[in-house]
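I have placed the structure first, in the form of structure tokens, so that the comments after it can refer back to it.
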């Protein structure tokens, strides 16, 4: 099973979108899976159900940080490279999904309890989010291959 498939499977098993993407890369990149799971917990639902940046995309940002990020405080080259890769990941995700915010992707504002309930009642995260999770993981894999 490749990482995008693993991410999709993790999401369907109950992780949030950010956890699914981050954890699908964590162990391969030398990070503890449990730590990645815990770190990514608050990023689901557009960062704690605030409907901001899609958790699948923030999970991708975490994975890119693990792969290319700074290993010490003075590593400006790694920081610059990671920022550039994150910018490209955001561009590609927006191009594929049409947006980067949960509000736009789901058509509801998750920070409003009634709208969050509507998303849950309609099963929108089960219907739409697996594709976003898979796309985010595919983008990370593409960027890693290109480096």
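Okay, here's what the table says:
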item	result
Acute angle (nearest 10 degrees) that the helix 55-68 long axis makes with the longest principal axis of the chain, alpha-carbon atoms	10 degrees
Relative counts (whole %) of C-alpha pair distances in the chain, using bins that are 10 Å wide	13, 44, 33, 9, 1
Sorted by Cβ neighbour density within 10 Å, fewest at the top, the residues 86, 21	86, 21
Scaled radius of gyration (Cα, divided by 2.2 N^0.38 Å) that segment 19-88 gives	1.11
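No lab work stands behind these numbers, since they all come straight from the coordinates. From a predicted model like this one, the values you see are computed outputs, not experimental measurements. Methodologically, a virtual Cβ is constructed for each residue, glycine included, from the backbone with ideal geometry; neighbour enumeration extends over all protein chains shown.
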